[in-house]
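The values are calculated or read from the model by the stated rules, or taken from the named source; none is laboratory data. Not measured: the values here are computed from a predicted model. All Cβ positions, glycine included, derive from the backbone under ideal geometry; neighbour counts span all protein chains shown. The accessibility values were calculated without ligands, DNA or RNA, using every heavy atom of the protein model including side chains. Shrake-Rupley method; radii C 1.70, N 1.55, O 1.52, S 1.80 Å.
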Amino acid sequence: MFTLRTTLTSPFGRKVRISADVLGLADQIELVASDTLDPADPLRAVNPLGKMPCLLLPDGSALYDSGVIIEYLQEQAATDILLPLSGAERYRGLTLARLADGIAEAALLMVYESRFREADQISERWLDHQRGKVLRGLGAFEAHPLPLRLDLPAIGLACALAYLDWRKPLPWRAEHPRLVAWLDHLSAEYSILETSRAPETR
């Protein structure tokens, strides 16, 4: 049995949960909530960075971050359904997955800027810097939509877009109609994208 330290609202934790379901491993993972701001949370003892998601293995060791966890779970499932095991397609998939993660990371930093700073301390320059990352990433996927299958890049992108819809650090749908259609079609095809959402996002 594995333990996944995360929250239901983390886009990266959600990415791991969806991947585990696709791999048929969801019933082997216990979810345990984490509070990254709580110095007493045991998360910091297993991940010195105090970040989630963090997967605790049966031997007590820990894996982080989400990309490492998902590659480990895929190996446990003895498949390459999420990411090719070798060759050019593997590195293409990893690059696209990192682009999707970068969108989510930049969106998170935009949200954190207003959450952790007083109104008169918020840096518009910093927000513009992160906004540019999000919009350039979305533009790349708009120009070249991903295939309609649940692999690692698609799961990461779906989670990033869901986070944008929920936290709303910037509007994105009007300027990216192909991405909207891609997300709608993917969600209709794979119900796990809906069932894995946090209750707050529905």
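Things worth noting here:
- Cα gyration tensor shape of region 1-64, rounded if a/c is under 1.5, else prolate or oblate by comparing a/b with b/c: oblate
- Sequence-separation-based contact order of the chain, relative, with Cα cut under 8 Å and 6+ spacing, percent: 23 percent
- Over the chain: helical MRE at 222 nm, DSSP H runs n ≥ 4 each giving -39500 (n - 2.57), nearest 500: -17500 deg cm²/dmol
- Working note: Karplus 6.51/-1.76/1.60 with θ = phi - 60° gives region 172-187 the couplings 9, 5, 4, 8, 9, x, 5, 5, 4, 5, 4, 5, 4, 5, 5, 5 Hz, where Gly and Pro are set to x.
- Anisotropy class of the chain from Cα gyration tensor, a/c 1.5 cut: oblate
- Within the accessible surface of the chain, defined with a 1.4 Å probe on protein heavy atoms only, the carbon and sulfur portion equals 54 percent.
- Shape class for region 61-145: oblate, because the ratio a/c of the largest to smallest gyration tensor axis (alpha-carbon atoms, square roots of eigenvalues) is 1.5 or more and b/c is at least a/b.
- A 1.4 Å probe run over the protein chains yields, for region 115-161, 56 Å² of accessible area per residue, whole-number rounding.
- Think of the chain as having a plus end and a minus end, set by charges on the Cβ of Lys, Arg, Asp and Glu; of Phe2, Ala174, Ile103, Ala174 sits farthest toward the positive end of this dipole.
- For Lys15, Lys133, Lys51, Lys168, the ranking by accessible surface with the largest value first comes to Lys168, Lys51, Lys133, Lys15, using a 1.4 Å probe.
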